[in-house]
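Remarks on the structure that follows.
Bear in mind that the values in this text are calculations on the coordinates, not laboratory data. The model shown is predicted, which means the values in this text are computed figures rather than measured ones. Counting neighbours? That spans all protein chains shown, and the Cβs are built from the backbone with ideal geometry, glycine included.
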């Protein structure tokens, strides 16, 4: 991989995103709307649950609103980044193929898009993290924020994988909706999985580690090393699969 | 851009031998062979759906033939029929992106003009869209986008140009400039394969081949 090529492609991808002003505004408006809805519909009524990744025997009791705030922050970052990643991977497929013909390597193109995605994940994660303390004070703010970013990392990589598999946008969107709604939008909420009969399914989904990272940090002082490493491993595995499929799809045909 | 390469015979910049291609039961190319020598402009014509674009996509490496060999020796430039440019980038940014791909230096943050910027300026002036260098492609007319589409394929001064319907959408003045440019290149020993559903000005070509029923014939 040539760093200069990655840098140029990253700059061009960032320039394109900068010019999509309405989409950029929505990236900041959507989490705010999510938080506003939680504020409107939740109360400070105490709720009790156990977190899947720690071995505490006793239940954790927190305000319903606080729990919902962490959950919805994760969902906002994860869903937004997966759609952005899908868009970055699918858009300009023909021009990108022309760039490959002209001398770019597919790995350089995909890595530059991923780095552009990382920049957006950092911005959105920081923004969501910055507005979170307005509504509640987590026990450990930094790791909660890191959990949001890991949700962006894992779901960004998932969005790239879906974009590498499907050529058309609609199929990609539906595939993201399918998993994101089930996983980060529902099953990773401790209120749901607390009494679930088959927790192994929930633990194998992409948002498990990032949501544990944020939830454990927000409400306990337990170690978050395992969910952090798990998030990194899950995201990297998805990214590697995306890179492989994207390279196969963009490869040039040589001899018969 | 690298063509599928095998050891070449003397002279030819491009050799296509026995290429066959089917999509399902539909046999698009049955047995296509042709050569392009240095300093030649070869036209390939045929009815809509005759397989011209399929042939070009095989020649540049975008599509694999079922059988046959494509051998190339020169660095080539490919201009696809459909616009393949970044619409939310400016004209200059498109040139910078492709300059990086061709290994000409690219955007970078260094001071002073890059070597490719001079070529870009010359091409923009020659094909009369210099005023739009800083404009977003999405704001340009169809004809100007087509000029950019074409110029991106010649930024690196390739020995062999492979053009799919290159003058669709161009005005008459630009069409004439295109041929002036092609003839200058021919005088320097550079070649072109031009695919078009009709060949308007046959005398400008060194050879015109017609693709009919999956086979190339002299037209």
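Which whole-number percentage describes the relative contact order of chain B, with Cα contacts under 8 Å and a sequence gap of 6 or more?
32
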Note to self: Using 20 Å bins from zero, what percent of all Cα-Cα pairs in the protein assembly as shown falls into each bin?
What the structure shows: 22, 43, 25, 10, 0
Note to self: Given the -39500 (n - 2.57) contribution per DSSP H run of 4+ residues, what per-residue ellipticity at 222 nm results for the protein assembly as shown, rounded to the nearest 500 deg cm²/dmol?
What the structure shows: -17500 deg cm²/dmol
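Would you mind getting the Kirkwood hydrodynamic radius of chain A from its Cα pairs, rounded to one decimal in Å?
The answer is 18.9 Å.
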Check: Which value results for Rg/Rh of the stretch B:94-219 when Rg is the Cα radius of gyration and Rh the Kirkwood radius based on the inverse mean 1/r?
Finding: 1.00
Check: What FRET efficiency do you get for residue A:199 and residue A:170 if R0 is 30 Å and r is their Cβ-Cβ distance, rounded to the nearest 0.05?
Finding: 0.35
Check: Hey, fewest Cβ within 10 Å first, where do A:220, A:13, B:90 land in order?
Finding: A:220, B:90, A:13
Next item on the list: Working from the alpha-carbon coordinates of chain B, get Rg over Rh, Rh being the Kirkwood radius.
Entry: 0.97
Checklist line | Span from the the stretch A:157-191 Cα centroid across to the the stretch A:1-72 one, whole angstrom | finding: 15
Checklist line | Contour minus Cα-Cα distance for residue B:213 and residue B:122 (0.36 nm per residue) | finding: 28.6 nm
Next item on the list: Enter the per residue convex hull volume of the stretch A:147-238, computed from alpha-carbon coordinates, in Å³ rounded to the nearest integer.
Entry: 92
Margin query: Need one word for the stretch A:184-246: rounded, prolate or oblate. Basis is the Cα gyration tensor (sqrt eigenvalues a ≥ b ≥ c); a/c below 1.5 gives rounded, then a/b vs b/c decides.
Written below: oblate
Next item on the list: Find the centroid of the Cα atoms in the stretch B:198-214 and in the stretch B:35-78, then give the distance between the two in whole Å.
Entry: 14
Checklist line | Rounded FRET efficiency, nearest 0.05, which uses the C-beta distance separating residue B:141 from residue A:134 and R0 of 56 Å | finding: 0.70
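I need B:71, A:45 ordered by Cβ neighbour count within 10 Å, fewest first.
Lowest count first: A:45, B:71.
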Note to self: For the stretch A:126-225, what does the relative contact order come out to in percent, with C-alpha contacts under 8 Å and a separation of six or more?
What the structure shows: 45
Item checked: DSSP beta bridges in the protein assembly as shown [antiparallel fraction, %, rounded to 5] -> 55
Item checked: Shielding score for A:10-23, defined as the mean number of other chain Cβ atoms within 10 Å -> 3
Check: According to the square roots a ≥ b ≥ c of the eigenvalues of the Cα gyration tensor, what is the shape class of the stretch B:145-219, taking rounded for a/c under 1.5, prolate for a/b larger than b/c otherwise, and oblate for the remainder?
Finding: prolate
Notebook entry, point to check: What nm distance separates the two modelled labels at residue B:133 and residue A:59, each placed 7 Å from Cα along Cα→Cβ?
Noted result: 7.1
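I need the calculated FRET efficiency for the pair residue A:237 and residue B:202, taking r as the beta carbon distance and R₀ as 51 Å, to the nearest 0.05.
Here the calculated transfer efficiency is 0.30.
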Notebook entry, point to check: So what's the stretch A:51-106 giving for Cα Rg divided by 2.2 N^0.38 Å, two decimals?
Noted result: 2.06
Next item on the list: Take the stretch A:40-174, compute every pairwise Cα distance, and split them into 10 Å bins from 0; I just need the percent in each bin.
Entry: 11, 33, 27, 18, 8, 3, 0
Next item on the list: Take every Cα pair under 8 Å in chain A that's 6+ residues apart, average their separations, divide by the length, and report that relative contact order as a whole percent.
Entry: 26
Item checked: A:14, A:160, B:120, A:1 arranged by Cβ crowding within 10 Å, fewest neighbours leading -> A:1, A:14, B:120, A:160
Check: Rounded, prolate or oblate: which one fits the stretch B:9-93, using the alpha carbon gyration tensor with axes a ≥ b ≥ c (rounded when a/c is under 1.5, else prolate when a/b beats b/c, else oblate)?
Finding: oblate
